[in-house]
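Trainee: Before I ask anything, here is the structure I am working with.
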Amino acid sequence: MTQIDNFNLLLDARFSCRAFTSRPVPQVTVETIVRTAQKVPSWCNAQPWQLVVTAGAETNRFRDALFAAASTTPPAPDLDWPTGYPGVYGDRRRACGFQLYDAVGVTKGDRAAGAAQMMENYRLFGAPHVAIVTSPRDLGPYGAMDTGGFVTAFCLAAQAEGVATIPQAAIAAQAPFVRTYFDIPDDRLILCAISFGYADADHPANSFRTERAPVSDVIVWRE
């Protein structure tokens, strides 16, 4: 097999895990994942990403406190949410949501069940670890863009180690709470979280896979 074949196998194996076992990931494995992810490019090699990573009882304390906060506190992200998902972007978003709802048995139109499933974000989907991902406020959208590359690399490096992940923008909705809980300085933007651990292969939430657009929808050729 070629290197691109091996890379595609890794990409095909990765998915957003929404149900984890309680088995912890060894610290040495987490450090290997981060060390690998740090090899991504960044503007001027600034490497703006930083993580707060939980393990053991601290994950459960944070999970409980985060869920309680999200149950009563309106969203207040450090970066503005998208103003909308027009056209094909909304189609893809809805398709992903319907796949999840179908998998876990949420019927179309059941807003209460849909909301309950959404709140599983704030239980970290049962993951034994979460990484809070931040970037310097002074670097603005370019620091966030570089950090996005790190998040992708983290997820792929984790998959190579047999560790499942889910990047979660939802956690950034509770940025003020997260900042206070972990004493994160005001000069860092809370961009997202990555919940990670070992996948519960038997859980229905992990039974579906999203599709990707054809290359013809991505490339505009000029010759």
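Taken together, the values in this text are just the output of simple stated rules run on the coordinates, not laboratory data. In this text, all values refer to a predicted model and were calculated from it rather than measured experimentally. All Cβ positions, glycine included, derive from the backbone under ideal geometry; neighbour counts span all protein chains shown.
Trainee: Yes or no: Ala157 crowded, with 17+ Cβ neighbours inside 10 Å, farther than 24 Å from Pro77 by Cβ and small (Gly, Ala, Ser)?
Mentor: Details: crowded, with 17+ Cβ neighbours inside 10 Å: yes; farther than 24 Å from Pro77 by Cβ: yes; small (Gly, Ala, Ser): yes.
Criteria met by Ala157.
Trainee: A further question on this structure: Kindly evaluate Ala112 against the criterion of being exposed (fewer than 14 other Cβ atoms within 10 Å of the Cβ), not in a helix (DSSP H, G or I) and not basic (Lys, Arg). Reasoning before the result, please.
Mentor: Details: exposed (fewer than 14 other Cβ atoms within 10 Å of the Cβ): yes; not in a helix (DSSP H, G or I): no; not basic (Lys, Arg): yes.
Against the criterion (exposed (fewer than 14 other Cβ atoms within 10 Å of the Cβ), not in a helix (DSSP H, G or I) and not basic (Lys, Arg)), Ala112 does not qualify.
Trainee: If I ask for residues that are touching a helix residue (DSSP H, G or I) at 6+ places or on another chain (Cβ under 7 Å) and within 12 Å of Ala69 (Cα to Cα), which ones from segment 174-200 would you list?
Mentor: The answer is Gln174, Phe177, Val178, Tyr181.
Trainee: Note down all Cβ pairs under 6 Å where the first residue falls in segment 52-79 and is of a type in the set (A, V, I, L, M, F, W, C), the second is in a loop (DSSP other than H, G, I, E, B), and they're at least six residues apart or on different chains.
Mentor: Once the first residue is of a type in the set (A, V, I, L, M, F, W, C) and sits in segment 52-79, its partners that are in a loop (DSSP other than H, G, I, E, B) give Phe62/Thr54.
Trainee: Are any residues in segment 115-129 aliphatic (A, V, I, L, M), under 18 Å from the mean Cα position of the chain (by Cα) and either within 17 Å of Phe208 (Cα to Cα) or not in a loop (DSSP other than H, G, I, E, B) (or both), and if so, which ones? Lay out the reasoning, then the answer.
Mentor: First, pick out the residues of segment 115-129 that are aliphatic (A, V, I, L, M): 115-116, 118-119, 124, 127.
Cutting the leftovers down to under 18 Å from the mean Cα position of the chain (by Cα) gives us 118-119, 124, 127.
The answer is Met118, Met119, Leu124.
Trainee: Among the residues of segment 78-126, count how many are out of contact with any Cys (no Cβ under 8 Å at 6 or more places or on another chain) and closer than 21 Å to Thr59 by Cα.
Mentor: Here is the first cut: in segment 78-126, the ones out of contact with any Cys (no Cβ under 8 Å at 6 or more places or on another chain) are 78-124, 126.
So of that shortlist, the ones also closer than 21 Å to Thr59 by Cα come out as 116-124, 126.
Number satisfying all stated conditions: 10.
Trainee: Is one or more of the residues making up segment 62-72 surrounded by 12 or more Cβ atoms within 10 Å (Cβ to Cβ), in contact with a helix residue (DSSP H, G or I) (Cβ under 9 Å, 6 or more places away or on another chain) and hydroxyl-bearing (Ser, Thr, Tyr)? Give the derivation first.
Mentor: First, the residues of segment 62-72 that are surrounded by 12 or more Cβ atoms within 10 Å (Cβ to Cβ): 62-70.
Keeping just the survivors that are in contact with a helix residue (DSSP H, G or I) (Cβ under 9 Å, 6 or more places away or on another chain) gives 62-70.
Keeping just the survivors that are hydroxyl-bearing (Ser, Thr, Tyr) gives none.
No - not one qualifying residue is present in segment 62-72.
Condition check ((1) out of contact with any His (no Cβ under 9 Å at 6 or more places or on another chain); (2) in contact (Cβ under 8 Å) with a residue 12 or more places away in the chain; (3) closer than 20 Å to Ala55 by Cα) across all residues:
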residue: Phe7; (1), (2), (3): yes, no, no
residue: Leu10; (1), (2), (3): yes, yes, no
residue: Arg18; (1), (2), (3): no, yes, yes
residue: Ser22; (1), (2), (3): yes, yes, yes
residue: Val25; (1), (2), (3): no, yes, yes
residue: Thr29; (1), (2), (3): yes, yes, yes
residue: Thr32; (1), (2), (3): yes, yes, yes
residue: Val40; (1), (2), (3): yes, yes, no
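Trainee: Here's another thing I want to ask about it. Please give the number of the condition Lys39 fails out of (1) within 30 Å of Leu139 (Cβ to Cβ); (2) assigned to a helix (DSSP H, G or I); (3) of a type in the set (D, E, K, R).
Mentor: (2)
Trainee: Something else: Just checking, which of Tyr89, Tyr85 is surrounded by 11 or more Cβ atoms within 10 Å (Cβ to Cβ), touching a Lys or Arg at 6+ places or on another chain (Cβ under 8 Å) and of a type outside the set (D, E, K, R)? Give the steps one after another, and end with the answer.
Mentor: On the way: Tyr89 fails: touching a Lys or Arg at 6+ places or on another chain (Cβ under 8 Å).
Only one candidate passes the filter, namely Tyr85.
Trainee: Still on this structure, please answer the following. Could you list, in sequence order, the residues of segment 93-109 that are part of a helix (DSSP H, G or I) and either at positive phi or aromatic (Phe, Trp, Tyr) (or both)?
Mentor: Answer for segment 93-109, where residues must be part of a helix (DSSP H, G or I) and either at positive phi or aromatic (Phe, Trp, Tyr) (or both): Phe98, Tyr101.
Trainee: On the given criteria, is Gly143 crowded, with 22+ Cβ neighbours inside 10 Å, more than 15 Å from the chain's Cα centre (by Cα) and not in a loop (DSSP other than H, G, I, E, B)?
Mentor: yes
Listed here are the residues, each with its yes/no results for (1) assigned to a helix (DSSP H, G or I); (2) hydroxyl-bearing (Ser, Thr, Tyr); (3) more than 30 Å from Pro136 (Cβ to Cβ).
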position: Met1; (1), (2), (3): no, no, yes
position: Val30; (1), (2), (3): yes, no, no
position: Cys44; (1), (2), (3): yes, no, no
position: Gln47; (1), (2), (3): no, no, no
position: Ala55; (1), (2), (3): no, no, no
position: Asp78; (1), (2), (3): no, no, no
position: Gly84; (1), (2), (3): no, no, no
position: Asp91; (1), (2), (3): yes, no, yes
